[in-house]
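Contents: one structure, followed by commentary.
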């Protein structure tokens with residue numbers, strides 16, 4: 001019988017690599033875990049579990065974090081409770097996969113479970129063997145997000161997710177690491193985007209859920225609906241505080257008449273795209289594999 005050595009190693013490292021989205025920043029201000037519905041442990045959940053909505057056995061937070069529509073929040077993942085040491089990977093053990101974020105408008109962020117979830121961000125396969133999880137590992141567990149500027153003010157839940165694919169080659173193997181943050185969005189917007197339900201948004205045989213990360217592939221279909229067009233879009237800005245080993249080094253400004261939208265990838269090892277960044281943005285290096293228009 002032939003065994004996949006990489007898969008066996010992934011199984012062996014599973015218990016050591018579980019992680020949790022724990023902290024939130026609002027426009028550069030550290031809110032720590034004050035508005036996080038923290039899971040009771042760092043174990044993953046499955047696609048069909050009721051805990052896929054907001055995490056494993058979580059309890060509601062006492063506070064709500066306020067952010068302006070169009071503002072920036074930074075989500076932060078780590079393996080152990082309260083561990084923000086950048087020397088430790090945010091999620092390790094070959095737990096490659098996408099980073100996905102949703103919003104749900106609710107009547108009360110402190111108590112509502114959330115029912116209509118629209119996607120505002122996704123970062124899947126960036127380049128060969130380099131994933132959304134690698135981006136956050138290179139940035140001390142952090143990922144920047146833009147709150148859509150046109151959404152209606154009110155209470156929201158921010159659902160943050162990593163889908164680890166190391167055992168997703170078998171049905172039920174995809175591992176979801178989920179936390180919800182309680183937000184109050186201010187502004188003058190009117191949009192109420194249509195969303196999906198959890199559980200229900202992902203099927204066991206969806207191409208991005210049932211996926212052999214050890215096989216041959218050049219693309220990855222991120223599960224769930226398309227990113228809301230009023231949001232920041234795919235491959236949004238990685239964290240503002242990269243790990244010391246992966247410094248951000250801006251490249252010279254691109255010509256004004258660019259074709260690559262802001263927040264999209266513009267360079268990096270394995271990137272096959274072309275063009276220059278649109279006016280008002282520059283191609284900024286995050287690491288050898290990933291640069292984006294910022």
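Throughout, read-outs are computed from the coordinates displayed, never taken from laboratory work. Just so it is clear, the model here is predicted, and its values are computed rather than measured. Here the Cβ is made from the backbone with ideal geometry for all residues, glycine too, and neighbour counts use every protein chain on show.
Observations, loosely collected:
- Pairs of Cα atoms nearer than 8 Å and 6+ residues apart set the relative contact order; for the range 5-234 it is 26 percent.
- Per-peptide packing, taken as the mean over residues of other Cβ atoms within 10 Å, places 25-35, 90-100 in the sequence 90-100, 25-35 from highest down.
- Sorted fewest first by neighbouring Cβ atoms within 10 angstrom, 111, 47 come out as 111, 47.
- Zone residues, the range 187-226, relative to residue 170, backbone N less than 18 Å from point 7 Å out along Cα-to-Cβ: 204-206, 209-215
- Full-extension gain in nm, residue 87 to residue 206, via 0.36 nm per residue minus C-alpha separation: 39.4 nm
- The separation of the range 148-181 from the range 74-88, counted between C-alpha centres, amounts to 17 Å.
- Annotation for residue 278 and residue 112: the two label points, set 7 Å from Cα along the Cα-Cβ direction, are 3.0 nm apart.
- Ranked by the mean number of other Cβ atoms within 10 Å per residue, highest first, peptides 67-73, 200-206 order as 67-73, 200-206.
- Nearest-0.05 FRET efficiency for residue 186 and residue 62, computed from C-beta distance (R0 25 Å): 0.80
- Only alpha carbons enter this Debye calculation for the range 5-234, each as an equal point scatterer, and the log10 of I(q)/I(0) it gives at q = 0.08, 0.16 Å⁻¹ is -0.25, -1.08.
- Burial ranking of peptide ranges 125-134, 219-228, 169-178 (average Cβ count within 10 Å, highest at the top): 125-134, 169-178, 219-228
- Placing dummy labels 7 Å off each Cα toward the beta-carbon, the span from residue 149 to residue 46 is 4.4 nm.
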